[in-house]
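Enquirer: Structure in structure tokens, see below.
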Amino acid sequence: DLADPAIPLWVFAVQAATGIAVPLATAIVPIRRACRLTVRDALAHHGARADHRRPSPVTLPLAARNALRRPARLALTLALLTAGGVMSITAYNVKRAYEANIARMPEMWLYDVDIRLTQPEPVALSARLATVPGVRVAEPWGYGAAALDRLGPIDLVHTYPDQGHGSFPVWGVPPHSSLIDLPVIAGRWLVPEDPGAIVVDKTAGRRVGDSLELSFDGERSTWTVVGVVDSVPSLGGYVSAAAFARATHTEGKARTIRVAVDADPGAVMGRIERELAAQGA
């Protein structure tokens with residue numbers, strides 16, 4: 001599933017090992033045979049073999065008879081050509097699928113700037129950013145790296161070094177947000193009065209109606225899956241901003257501010273950074 005960026009590292013290791021081992025294993029037989037020849041035998045070798053005789057179909061063209069004279073060599077050549085063709089077609093299809101997934105992203109995420117704050121800030125900060133020239137919309141979002149609640153004294157978030165792959169991020173979505181439009185493939189999207197509802201990505205392996213136990217900084221909470229979305233990139237879950245604030249004890253604050261602009265994002269970013277510095281964020 002190319003929509004899932006959380007591909008285990010062992011998959012790439014197997015692919016690399018296969019790419020190295022298969023050519024070496026294919027070439028080891030003729031290399032070993034050549035290395036066992038003495039210098040005299042190598043100099044005297046002219047390609048003809050008198051120890052085995054095979055019937056030659058004289059009705060076939062000369063090229064076909066030459067190809068069939070060494071069946072093992074013919075089989076090896078055809079196998080290598082087939083494998084090369086399959087790998088080329090696979091690489092081309094993977095490229096097309098990847099580009100098709102990337103092309104879907106602007107239809108889902110309708111913001112230009114994603115501001116991650118090191119600590120929760122008052123939601124009034126987003127209202128200040130909305131007054132910056134060039135900013136069209138500024139929405140305060142909740143964000144937290146959740147751990148799937150398991151039996152045991154400590155809840156862990158298992159991630160790769162980039163802190164993204166393998167994690168389960170949860171977003172607190174503002175009511176009636178205009179900066180997100182994810183395709184729902186099962187169930188429904190969030191409504192403001194959902195106290196314990198969560199919408200998960202299809203890669204989470206959950207179904208509508210499932211109960212999900214999450215832990216935010218040791219604070220455990222129970223959620224009910226009401227919808228499944230197909231997003232790119234594949235993220236964890238989405239809950240209402242009010243429900244997220246209650247679960248993380250961040251009422252009236254936000255950890256992320258997403259901004260849509262009417263001008264060049266690079267030019268607006270300077271104004272946004274100055275406003276953030278002025279507000280002490």
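The values are calculated or read from the model by the stated rules, or taken from the named source; none is laboratory data. Note that the structure is a prediction, hence the values are computed from the model and not measured. Every residue, glycine among them, receives a Cβ derived from its backbone with ideal geometry; neighbour counts consider all protein chains shown. Surface accessibility is based on the protein's heavy atoms, side chains included, excluding ligands, DNA and RNA. Shrake-Rupley method; radii C 1.70, N 1.55, O 1.52, S 1.80 Å.
Enquirer: Let me confirm something: among I102, I89, which residue is outside any loop (DSSP other than H, G, I, E, B), closer than 30 Å to A16 by Cβ and open to solvent by 80 Å² or more (accessible area, probe 1.4 Å)?
Expert: None of the others qualify; the one that does is I89.
Enquirer: Look through segment 144-176, keep the residues that are at pLDDT 85 or above and surrounded by fewer than 18 Cβ atoms within 10 Å (Cβ to Cβ), and return whichever of them is farthest from F244 (Cα to Cα).
Expert: For segment 144-176, the residue satisfying everything is H176.
Enquirer: I've got another one for you. Do you know which residues across segment 196-213 are under 17 Å from G144 (Cβ atoms) and either surrounded by fewer than 17 Cβ atoms within 10 Å (Cβ to Cβ) or touching a Pro at 6+ places or on another chain (Cβ under 8 Å) (or both)?
Expert: G196, E213
Enquirer: Among the residues of segment 246-281, how many are closer than 15 Å to L125 by Cβ, touching a residue at least 40 places away in the same chain (Cβ under 8 Å) and open to solvent by 10 Å² or more (accessible area, probe 1.4 Å)?
Expert: Of the residues in segment 246-281, 9 are closer than 15 Å to L125 by Cβ, touching a residue at least 40 places away in the same chain (Cβ under 8 Å) and open to solvent by 10 Å² or more (accessible area, probe 1.4 Å).
Enquirer: Here's a follow-up. When you check R207 against the structure, is it free of Cβ contacts under 8 Å to residues at least 60 places away in the same chain and of a type in the set (K, R), yes or no?
Expert: yes
Enquirer: List the pairs whose first member sits in segment 173-202 and is without any contact (Cβ under 8 Å) to a residue 60 or more places away in the chain, whose second member is among the aromatic types (F, W, Y), and whose Cβ atoms are under 6 Å apart, counting only residues at least 6 apart or on separate chains?
Expert: As it stands, the answer is G196/W223; I198/W223; V199/Y238, since those pairs meet every condition given.
Enquirer: If you check every pair at least six apart or on different chains, which have Cβ atoms under 7 Å apart with a residue in segment 85-100 that is more than 24 Å from D230 (Cβ to Cβ) first and a residue that is of a type in the set (A, V, I, L, M, F, W, C) and open to solvent by 70 Å² or more (accessible area, probe 1.4 Å) second?
Expert: Pairs that qualify, where the first residue is more than 24 Å from D230 (Cβ to Cβ) and the partner is of a type in the set (A, V, I, L, M, F, W, C) and open to solvent by 70 Å² or more (accessible area, probe 1.4 Å): there are none.
Enquirer: Separate question: Pick out the one residue from R65, R73, R53 that is of a type in the set (D, E, K, R), at pLDDT below 80 and surrounded by 10 or more Cβ atoms within 10 Å (Cβ to Cβ).
Expert: R65
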